[in-house]
Each structure stands twice: as structure tokens, then as C-alpha cells.
1. Could you state the orientation-averaged shadow area of the convex hull built on the Cα atoms of region 209-442, in nm² to one decimal?
2. Once every DSSP H run of n ≥ 4 in the chain is given -39500 (n - 2.57) and the sum is divided by its residues, what mean residue ellipticity at 222 nm do you get, rounded to the nearest 500 deg cm²/dmol?
3. Give me the net charge for the shell around Lys95: Cβ to Cβ below 12 angstrom, other residues only, Lys and Arg +1, Asp and Glu -1.
4. Need the list of aspartates and glutamates near Lys233 for cross-linking: C-alpha distance under 14 angstrom, and skip anything on the same chain fewer than eight residues off.
5. Which ³J(HN,Hα) values, rounded to whole Hz and listed in residue order, are derived for region 510-523 from phi using the Karplus coefficients 6.51, -1.76 and 1.60 in 6.51 cos²θ - 1.76 cosθ + 1.60 with θ = phi - 60°, glycine and proline given as x?
6. Would you list which aspartates and glutamates come within 20 Å of Lys126, measuring only between C-alpha atoms, while excluding same-chain residues fewer than 8 positions from it?
7. So, by mean Cβ neighbours within 10 angstrom, what's the order for 256-262, 498-504 with the highest one leading?
8. Mind checking the angle between helix 115-124 and the chain's longest principal axis? C-alpha axes, 0 to 90 degrees, to the nearest 10.
Amino acid sequence: TSRAPHARTGRFNSSVTTRASAITIAPSPTKPIEGQKTGTSGLRKKTAIFTSENYLANWVQSLFSSLGSEIEGQTICLGGDGRYFNKEASQIILKLAAGNGVKKVVVGQNAILATPAASAIIREQKLYGGLIMSASHNPGGPDEDWGIKFNYNSGEPAPERITDEIFKYTETITELKFADIPDVDLAVVGTTEFDGFTVEVVESTADYLPLLQEVFDFDMLKSLISRPDFSMKFDAMHAVTGAYAPKIFCEMLGAPESSVMNCGVLEDFGGGHPDPNLTYAKELVDIMYSGDDAPDFGAASDGDGDRNMVLGKGFFISPSDSVAMIAANAQECIPYFKDGLKGVARSMPTGGALDKVAEKMGLQFYEVPTGWKFFGNLMDDGRCSVCGEESFGTSSDHVREKDGLWAVLSWLSILAKKNEGKAAGEKLVTVEDIAKEHWAKFGRNFFSRYDYEGVESEKADAMVDHLRSVIASAKKGDKFGEFELDFADDFEYTDPVDGSVASKQGLRFVFTDSSRFIFRLSGTGSSGATIRMYIEQYETDPSKLEMDAQVALKSLIDVALETSKLQEFSGRDKPTVIT
Ligand code: G6P
Ligand code: ZN
């Protein structure tokens, strides 16, 4: 067996175990299970569903069957967000991988890989693809959620043509091709070799951390983070970034240990809801809004490390603003973008702050449907460098996933650059200063999203039908309260690279002053329906730029609620979450 150092990390694997006996396949009969259709971001269900009978094995076998002979002899990676059932699931997946002719699986230590880290491994090692075990920001544990998704060879979530194929196989499956191999110890970094099948356990930071070091100027970041007059707080929410944050912020960038919190990766995320927003990241929000002594910078990431929330002292950066502000400052502050941006993109419901940046800076701009997979084609085609979504996702073409730590390091890079050379005691440029300066230059797109979670599906569908009928009879110039309609439609997207069409991607009402409201049903829930209402209004009047978003948007919110009859259809008078 080889003892070559790892190509990028230069480290030797600490152990090699060889099990020479030939692998035998022990096929096991199964029958189709209903409802294994992949949603916005993989297959997500209650954990108890995944742990019942062959639920997981059926889906994984269907994936391998749909890839057919293409997968034979290939290497894939495997990891997840550390949630309950990931370890057991890993062993099931490894046996099926071996049984279906996969040559090698690269697994994160203890089955832990943040989603962007898996994407980095696929890209850096030129793998065939990877499996990520996560239900993202949904709570974990035996009574909560579990999920899995397949990412393809440029590190992007599988395109619909693959997920549609997987679904077809789940409807006709009869046999699971398990290899008869023992469980592999995933706690120890090293290689286990079977005859014709290898499992390599790598550190969870493998490939990803070296990539971040290429993207960012770690020395410049350190010069800010280690300043005694600067303080930060990163909340891993007991989820996967707990395996990365202490190493990056404390060990490498010199932040004190108190700068990171909730970094123990727990199977149930400590009973929390690992979604970095103002509602679920309350512990961090309270710290950041605690007054003069609050840290200067705060951030949190979700279950699998792809989402992020960024805060200043008593100041919230909305995700729609965040991507615009990063894009506007990227070339100046982040070495990876020193030659400028190839283009920028946002999802349709995301506020239009990025549009203004693209316009002023002369950048190519794209508006895609909700779902990260739509950015991948643009990036592979060299059309887009930075992109983001209102759903707390921001990233660039360094990987093909959204990347929470990348967003946090981007903001820290902007702060570091703007404060370069400041003497001790001199007032530092703050997150709030950066935001206000941005609004003064580009105008402000006030944005808010209302979520109504756990609505009965029939009620949500009835509301959508009603809105479709309103759209069918709406005409330009119609009055909606004080707002005059420009157009209303059901968003449809034609991919400029491969011409594929995605229709019914959100009902939008756009007004002549470019304000708009949008309704969509979430594609990431595990039960019932979540109605999302997105509200946006553009403002350039300097006296209004610092208004509270809820106040600024009040009349448009009322019009949207009235038009949709949301409260009537759903029986809800208040949203579950407001962002
Ligand atoms: C995931 C996807 C995002 C998407 C978000 C919200 O995080 O990766 O691309 O924006 O879910 O999707 P939803 O369908 O729930 O609004
Ligand atoms: Zn996520």
C-alpha cells in the first residue's frame, strides 16, 4: 500500500489497514418506497423515516443505479453535518458504494464534512462526486430531520436530470447491492483497503482550509482579528462549523478562545435549530445587541456550514445586502478577486441590492430561481464570481456551494482592509459604517421575508391557485393600494448555458417604482408546507435610508397580505419567522 503524502496537505495518512480478501456482493431484496423525490436541496425527511427499513439504502442504490456503469471505478467523497444517524448511514453508504463498483470513498473524519468542504474536496481531487448527509438548517435527532444529497463532479448539487433519474429508480427498485464488508472505523484518519475498494478517512478541513488560505489574505485577517481593540463572536450553533471555526479563527487568526461559541458538534445540535437568522440564532443576537460592550463583529453558520448570518455591533446585515456589499468590495479586499469579478448572480426573491452594484460597476448580472444548483452552470461557464440568496446563502466560484465561512471571512477581509494601518485607539471602520456607506452610494433595497411554517399543504396550494388567478387577470397599470403594477407572473428561467427551462419558480408582482412582492412555497421542508412572502422596496432618499425595514415596508406588506388572502387561506395571522 502507498504511503505518499496527501497531494494538497502534504501530510501522510496516519494508518493503512489492508483487508485483502475479495469483496463479495450480498444482494438484498427490496421494494419501492413512495415519496423519495429530491427537493430543492436533496432528500429530506423525518429521521424516523430514514432509519426505517430500507429507506436510505433504497435511495442510495437508486442513485448508483441511475449513474450506471459511469460510477464504476470512480472515487467519491462522503461526509455530513454531524447529525444523529450520520455515522450509521455512512456504513450503509460505504457498503452500497463498494457493492456498486465505486473504487474509493474519501470520508471526512467522524463522517464530518461541511457542505462547502465537500464541494472543495470534489473539485480539488477531481472526484466523480460526493454524498452529503445533512438536512442543513433543520433540527437533528431521532425526532427531527435527516437528509442526503448528491453533488456532481464540479462540486455542485446534482442537476435535475440526475435527481429525476434517481426518483425514477426509486419507483422500480428491487435489489440492494450491498458489499459484504465490515464497518470501517471513521474516527481515525487513515486508509482501509479492501480488494478493489478503498476508504480514506481525511481530516474534515482537508482541501477546504488550504483553499480558503488561497482565497483570502490570512496575514491581513490576522492583523485585524488579533487587534486588542477588535472583538468578534462566531456561533457554530453546535453544528458542523464547530469542527472548523476554532482552528481558523483562534489557532490561525489569533482570536481569543472566547471569540467562538457552541463549537461542540452535537448530534442534536444541542436541541437547537441550527439556522443562522435573527430568530434561531438568538443567543448570538442577544450578545451582539447587548450595548457598547458587544463584539464588533458577529456571525453564525447553519447545520452543514453553508449558510451564514453577519452582524455588527447592534446591527444586522440582511443577506440580500450582504452579497451586494461583498461584491462591491471584493476586488479591493479579497486576493482571489484581485482581477475583478466575472459577473454576479442572485436568486429571484433575493433583494435587488446586487443589481445596483452590477449596474454601477458594469458587471454581468443574472437572476436565477431559488436553489444553489442554478449558480453552478454560470460559474462553470465563467460567467459569475459572486452570488447569493436572501436565505442566508453567499458564496463564490471557489466552490460550487454556498459557503458560510467564506462569507464570514469575506466580511472580515473588508473590515481588515478598511482598517489597515489604523493606530491602536483610533476609531475603527465598523460593519455599520460599511453598510451605510454602501446605501449612500447605491441606494437601499429594503427587504423582508415572512415565513409561515407548517401550513397544511392543501391550504397553501389553494392560496397559490388564488394568486395564479389574480395574475391571470392582472394588467399593467392596475392599482394595488398605492402601488401601480408593472407586471405579474410566475417566474420562469432559461439557463443561458444549457438552455434548460425551470418554470413555476415563484409568483411575483412587480410595480412601476420597482418595488415588488413575491410568494413561493418552500422546497426544503420535511412535512407540511411553508409559505414564503418576500417584500422589497428601493429607496434613494437620504433621509429614509436608515429606517427600520419593517416600518419602511409596512404598506407594501399590507398590500401583499391582502392580495394573497394569506391569512384567510392559511388560518395564520402571524408569520413564524420574519427576516
Ligand atoms: C437551501 C438551498 C438554497 C435555498 C434555500 C431555501 O438552503 O440550498 O438555495 O435558497 O434552501 O429554499 P426554500 O425552497 O426553502 O425557500
Ligand atoms: Zn445548509
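Quick note: the coordinates plus some simple rules give every number you see, no bench work behind them. Keep in mind the model is a prediction, meaning the values are calculated, not measured. Because the Cβ atoms are built from the backbone with ideal geometry, glycine has one as well, and the counts that use them run over all protein chains shown.
1. Mean projected area of the Cα convex hull: 11.9 nm².
2. So the helix-based figure for the chain works out to -9000 deg cm²/dmol.
3. Taking every Cβ under 12 Å from that of Lys95, the sum is -2.
4. Here the aspartates and glutamates satisfying the reach criterion relative to Lys233 are Glu257, Glu283, Asp286, Asp293, Asp296.
5. Calculated HN-Hα couplings, in order: 10, 9, 5, 8, 6, 6, 7, 10, 9, 10, 8, 9, 5, x Hz.
6. Hits, sequence-local ones excluded: Glu70, Glu72, Glu156, Glu200, Glu203, Asp207, Glu214, Asp380, Asp381, Asp397, Glu401, Asp403.
7. Answer by packing, highest mean first, reads 256-262, 498-504.
8. On a 0 to 90 degree scale, this one is about 60.
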